[in-house]
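Remarks on the structure that follows.
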Amino acid sequence: MSIIITKNVKKWFGDFQALDGISMEIKEKEVVVICGPSGSGKSTFIRCINRLEQHQEGDIIVDGIELTNDLKNIDAIRSEVGMVFQSFNLFPHLTVMQNITLAPIWVRKKTRTEAEEKAMELLERVGIPEQAEKFPGQLSGGQQQRVAIARALAMEPKIMLFDEPTSALDPEMIKEVLDVMKELAQSGMTMIVVTHEMGFAKEVCDRVIFFDEGKLVEENNPEDFFNNPKSDRTKLFLSQIL
Amino acid sequence: MNDIPGVLIFWIIGYLIIRYITNEKFMRYKNYLSISFLLITASILFLRIPFLFKVLTFSVVLLLLVAPAIANTSEGKKNLLIIWVVAIAVIAFLLRGSGSPTGIMTPTGSFLGGFSLTWVLAIFGTYVSFPFGVILALGRTSNLPLVRIICTGIIEIVRSVPYITWLFFASVMLTVFMPEGIEFNLIVRVLIVTAFFSGAYFAENIRGGLQSISKGQYEAANAIGMNPFQRISLIVLPQALRAVIPTLVGSIITAFKDSSLVAIIGLFDTLRIGSAVIPTQSSPVNFVGTQLDNLLFIALFYWVFCFIFSRRTMKIEKKLGLGER
């Protein structure tokens, strides 16, 4: 049962082709890591899945809903897909609690008490319940990213997208974010993670996908991907980063 | 005071909005409510009802715009309610009898003069032009070409003509453009051009704030499923306005002082009253040379108000600065 299906997705930024015919399927509860050199289109691809970028050719079907220009479909997909950004993108004028409860209250139309209870639960899950009344600017990078994960989870999404969640963090904070992501993966969330954390890929994910120059170069289970990759390009990439 | 029942109704409307603005059922219809109130306001401009109620209806629109951001805690609700009750009372007091024969008339045939005129022009000028400026700024940054062109056009045209020209426009020309049978008080006409003029300046200030909001904020709002209205009113505007508080205060102080220019079109504001109170030479006592005293006093008056204003804002800025970015 595939929850995300993409068929021959293409996208251009001006003359530059960012995505060149990406076709893939992701099953429910699967954890997929997308890696590749910078500029290879991996971020663009996951941003297409919740329509932060618009693809120009091909089809994207998320949980049976086709992504078209129909605003209803886009809203429906966005409320099922949570996203975590490289630069956190928390709302600086709101407290941690307000950041998390904003969408449940305004988009899901929950009551405030309900939303706050859920938010507290999530903050405990990501390990920072004591920070609820602080502003994002008062937290460390790792804490901010964990709040961002809690904010995405507050919408009770079926799928979580992670766009280089640890790239903007200090080394000692990467672990605390990865731990939260691991716990999330083990709880059965469908996840697509764009990351350079190969440790995370080896340990947690079900499948690794390698992008280069807008093309899907290799799709493999983590063991084979790291130990005997199929393509030469992958070999080169791995030799450079490991 | 035949306005009292009307004012009471507006108090109650405001109370209900503040009380229920964060209620889920209410939120579902909030957009429609704001838009219908805006349409009502636009249409009652041309109706023959007291000026006071036109202003009050406009206040309701303003309240609907700001309430979700402020009234999301019980403390915020309480504060907003106090502000609302006081503001409506002050408005009603200042505009009492406007447009009705019971109003107090100054020699120029207008119901206001001196300090109350300066006050009305400064406060209502800001009050009306601020939301207008927000709308123009949003329009100018809109993705829709037609909206963008119209808003940019309004801003550029209004800003490139001096304020005094607009005041003459208000006093001489505006009635010509009105449909037959509709006549506004001169002060109302001045308020209309002030709304456009300060609005255009506000719009440019606010646009600066809008541009300071990173793309990531829009993306985050989109990713959690917010619609454009929620994105603007809950995420973008609160941050943009906060970023431009100092320049906005500058504009408001300018508007306050510029209000003295209405003396040129024959309205008796504080400055003009200052010289008008001096008896003419036919009086038995010689007052020649005493004008300086009055002018000094009026200068002090303006300074005190501007000073209080900028001190207040510094406090607000400090308070809002907490946990910012």
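Within region B:10-27, the presence of at least one residue that is within 14 Å of chain A (Cβ to nearest Cβ), modelled with pLDDT under 70 and crowded, with 16+ Cβ neighbours inside 10 Å is confirmed. The residue list A:Asp75, A:Asp20, A:Asp59 contains one member that is at the interface with another protein chain (Cβ under 8 Å from one of its Cβ atoms), farther than 19 Å from A:Gln145 by Cα and not basic (Lys, Arg), which is A:Asp75.
The criterion of at least 1 residues that are of a type in the set (D, E, K, R), within 27 Å of A:Val204 (Cβ to Cβ) and touching a residue at least 24 places away in the same chain (Cβ under 8 Å) is met by the following strands (runs of 3 or more DSSP E) wholly inside region A:5-105: A:16-27.
The single condition from (1) modelled with pLDDT of 90 or more; (2) surrounded by fewer than 23 Cβ atoms within 10 Å (Cβ to Cβ) that A:Val81 fails is (2). The condition of being closer than 14 Å to A:His55 by Cβ, out of contact with any helix residue (DSSP H, G or I) (no Cβ under 6 Å at 6 or more places or on another chain) and not aromatic (Phe, Trp, Tyr) holds for only one of A:Asp15, A:Asp20, that being A:Asp20. For region A:109-134, which residues satisfy the criterion of being surrounded by fewer than 20 Cβ atoms within 10 Å (Cβ to Cβ), touching a Ser or Thr at 6+ places or on another chain (Cβ under 6 Å) and among the aliphatic types (A, V, I, L, M)? Answer for region A:109-134, where residues must be surrounded by fewer than 20 Cβ atoms within 10 Å (Cβ to Cβ), touching a Ser or Thr at 6+ places or on another chain (Cβ under 6 Å) and among the aliphatic types (A, V, I, L, M): there is none. Scoring A:Gly137 on the criteria (1) out of contact with any helix residue (DSSP H, G or I) (no Cβ under 8 Å at 6 or more places or on another chain); (2) surrounded by fewer than 16 Cβ atoms within 10 Å (Cβ to Cβ); (3) without any contact (Cβ under 8 Å) to a residue 12 or more places away in the chain; (4) within 13 Å of another protein chain (Cβ to nearest Cβ) leaves a single failure, condition (3). Taking the conditions (1) closer than 17 Å to A:Gly36 by Cα; (2) surrounded by fewer than 19 Cβ atoms within 10 Å (Cβ to Cβ); (3) at pLDDT 90 or above in turn, A:Ile241 satisfies each one other than (3). Within region A:84-97, the set of residues being more than 7 Å from chain B (Cβ to nearest Cβ) and either more than 22 Å from the chain's Cα centre (by Cα) or modelled with pLDDT under 90 (or both) comprises A:Leu94, A:Thr95. The set of residues in region A:205-228 being over 16 Å from A:Phe45 (Cα atoms) and surrounded by 20 or more Cβ atoms within 10 Å (Cβ to Cβ) consists of A:Cys205, A:Phe225. If you filter region A:121-134 down to residues that are part of a helix (DSSP H, G or I) and within 14 Å of chain B (Cβ to nearest Cβ), you find that the one that is modelled with the lowest pLDDT is A:Gln131. Do any helices (runs of 4 or more DSSP H) lying entirely in region B:140-257 carry at least 1 residues that are without any contact (Cβ under 8 Å) to a residue 12 or more places away in the chain and either within 30 Å of B:Ile70 (Cα to Cα) or within 14 Å of chain A (Cβ to nearest Cβ) (or both), and which ones are they? Ranges flagged: B:145-159, B:215-223.
The values are calculated or read from the model by the stated rules, or taken from the named source; none is laboratory data. Just so it is clear, the model here is predicted, and its values are computed rather than measured. Glycine also receives a Cβ, built like all others from the backbone with ideal geometry; neighbour counts cover every protein chain displayed.
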